[in-house]
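Read the structure below first, then the notes.
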Amino acid sequence: DRERRPVICRSTLPDPRPAVMPTTIFAPSAEAPQASPDGAPHPLAVLVVEDSEADFDLLVMLLAGANFDLRAERVDDEAGMRAALARGGWDLVISDHRLPRFSAHAALATLQSTGTDVPFLIVSGAIGEDVAVDAMLAGADDYVMKSRLARLVPAIERSLRNAEARRRRREVEAKLRD
């Protein structure tokens with residue numbers, strides 16, 4: 001059994017919706033992150049664009065149970081997202097598709113306007129295939145339905161690997177230009 005690790009989270013936003021918890025919270029998969037050689041959890045700083053405190057708590061619980069040393073913050077509008085991005089240090093942004101004062105599309109545009117190459121995933125309960133494809137074409141790394149959260153950890157790992165490969169490619173290209 002895994003030792004419990006503290007999870008650092010911050011959300012000062014009121015939850016505008018009643019808590020609705022899905023029946024299945026987390027179904028571990030063979031693709032779940034493996035411990036590093038020394039057994040330590042992988043550090044992960046996640047900015048979550050989400051209006052529901054319950055959904056934020058669910059994501060935190062899921063990621064904390066997947067061998068991540070998690071730091072997570074929830075925002076629900078552009079101003080909050082810009083302030084969090086300005087503080088820096090994020091490994092990943094996860095966004096709900098539709099929020100009362102914001103959207104995944106606007107959150108992606110906000111992230112892209114900073115010039116930061118941080119993976120962006122959409123986790124939503126209701127997103128059509130056309131909308132998901134449009135988001136991927138606009139630069140989102142992946143989307144996961146809230147009803148299929150077992151896909152989230154593999155999607156995060158793949159997105160982080162892809163971002164690291166892009167970073168290495170930029171370094172090599174910069175060296176070749178010099």
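The values are calculated or read from the model by the stated rules, or taken from the named source; none is laboratory data. If you're wondering where the values come from, they're calculated on a predicted model, not measured in any experiment. Methodologically, a virtual Cβ is constructed for each residue, glycine included, from the backbone with ideal geometry; neighbour enumeration extends over all protein chains shown. Note: areas computed on protein heavy atoms with side chains; ligands, DNA, RNA excluded. Shrake-Rupley method; radii C 1.70, N 1.55, O 1.52, S 1.80 Å.
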Short version: ³J(HN,Hα) in whole Hz for each residue of the range 120-129, in order, from phi by Karplus 6.51 cos²θ - 1.76 cosθ + 1.60 (θ = phi - 60°), x for Gly and Pro, what are they?
-> 10, 10, 9, 10, 9, x, 9, 8, x, 4
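Below 13 angstrom from the Cβ of Glu171, what's the summed charge of the other residues (Lys, Arg +1; Asp, Glu -1)? Display every interim value, and only then the final one.
On the way: positive: Arg166, Arg167, Arg168, Arg169, Arg170, Lys175, Arg177; negative: Asp117, Glu164, Glu173, Asp178.
Summing Lys/Arg as +1 and Asp/Glu as -1 gives +3.
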Label model pair Asp178, Ala106: point-to-point distance (7 angstrom along the Cα→beta-carbon line) in nm is 4.2 nm
Report the calculated FRET efficiency for Arg158 and Ala79 (r = Cβ-Cβ distance, R0 = 41 Å), to the nearest 0.05.
-> 0.85
Per the 1/(1 + (r/R0)^6) rule, R0 = 41 Å and r from the Cβ atoms of Ser147 and Arg167, FRET efficiency to 0.05 is 0.80
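Using a 1.4 Å probe on the protein heavy atoms, what percent of the accessible area of the range 33-178 belongs to carbon and sulfur?
Values: 3690 of 6990 Å².
About 53 percent, which is the carbon plus sulfur part of the accessible surface.
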Accessible area in square angstrom per residue, the range 34-178, 1.4 angstrom probe = 48 Å²
